[in-house]
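J.: Quick one: the structure is below, and I'll ask about it shortly.
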């Protein structure tokens, strides 16, 4: 039934559903040789892996039209499954062989792939593994166990898929490749495909997870020096006796904070990716549904003993780095508070000095105002005296001197009242302006 026309479909609906069903395992039948390569994209041009895949199709006269991030291509003598991931591209080559073929002479699925094309795959190789899927009729589990030497290299093995297959590996590189042997007891084609996919993903993700281990060791060396420097800066903070000393320590702390934050920004993605890859490794191991083979460690035990310590180191370095960043920030804030308190104290002293100067200016102003009243009264009395002299015949028996003397108190009173009113008016205008 088709969707009704009135439904507005989300633009990503189809793509999201296709992603949900993406990268299905390839159904396999034993005997089968599988070779797997994973190459990092670091420094490569976008689309380089896809273009190289198209070049293989031209080389083998098999036109390739790839859309999306994965494809399964049948070249006749072999099948190639290509997947594009966030950090790497993977190439899985499947080569069906006749029963017993390749048991006596060492061979792999790569033998039928053009060597020149293989050598020019873009990227940096991070994972390479050969997997042999053999039936119990070709190789019995007992024959493999009989060949194991108690003093030889340690083998990892388990019965998987509810006992439908036995898996053996040592996780060591031989001619650059790790190797897995899968003995098919009663695997269905889909079970065989899923088992193969989980094994190559375990190999890839364990190496991708370990990419952070060298970073963690480098960060650990820097953290040790930074933690010692922080302790020295805190000692300097305690012994600081002047604002200049505190500002010097604050400058060093700020520089240190910038270095730590740069390290955090540079390593956050790698440490986060490592946590995700480690989680995927353990998830894929759980999906194998392991059963112990007597005398051999299981995949889960091997990873807990060999991979988990490295993951704990990465996690510890990430936490130490974040902790150091927080400590530097707290100490910087503490010292900045001390500097601000000292500045506030200096500002208060400056304000107190300004207040004293303002009081002095007020006293001077009041003194000047008093002198101004005297001066104005003097000049005004002189004007009264001149006016009285001009009309002295009309004011008899009063004399100009008597009239001037009588006018002086009145003039002084009027001038004092006028000056006071003017000061109050100016003060009110200033208050309303604020």
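The values are calculated or read from the model by the stated rules, or taken from the named source; none is laboratory data. Predicted model, so just to flag it, every value in this text is computed and none were measured. Ideal geometry is used to build each Cβ from the backbone, glycine not excepted, and the neighbour counts take in all protein chains shown.
J.: List the pairs whose first member sits in region 252-266 and is free of Cβ contacts under 8 Å to residues at least 40 places away in the same chain, whose second member is assigned to a helix (DSSP H, G or I), and whose Cβ atoms are under 7 Å apart, counting only residues at least 6 apart or on separate chains?
T.: Listed pairs, sorted by first residue: 252/233.
J.: Has region 340-356 got any residue that is touching a residue at least 24 places away in the same chain (Cβ under 8 Å), in contact with a helix residue (DSSP H, G or I) (Cβ under 9 Å, 6 or more places away or on another chain), surrounded by 13 or more Cβ atoms within 10 Å (Cβ to Cβ) and not assigned by TED's automatic domain parsing to the domain that holds residue 167?
T.: yes
J.: While we're looking at this one, here's another question. Return the total of residues in region 92-113 being touching a helix residue (DSSP H, G or I) at 6+ places or on another chain (Cβ under 6 Å) and under 30 Å from residue 211 (Cα atoms).
T.: Residues in region 92-113 being touching a helix residue (DSSP H, G or I) at 6+ places or on another chain (Cβ under 6 Å) and under 30 Å from residue 211 (Cα atoms): 1 in total.
J.: Does region 280-290 contain at least one residue that is modelled with pLDDT of 90 or more and on the phi > 0 side of the Ramachandran plot?
T.: Yes, region 280-290 contains at least one residue that is modelled with pLDDT of 90 or more and on the phi > 0 side of the Ramachandran plot.
J.: Of the residues that make up region 140-159, is at least one closer than 30 Å to residue 56 by Cβ, touching a helix residue (DSSP H, G or I) at 6+ places or on another chain (Cβ under 7 Å) and at pLDDT 95 or above?
T.: No, there is no match, as no residue in region 140-159 is closer than 30 Å to residue 56 by Cβ, touching a helix residue (DSSP H, G or I) at 6+ places or on another chain (Cβ under 7 Å) and at pLDDT 95 or above.
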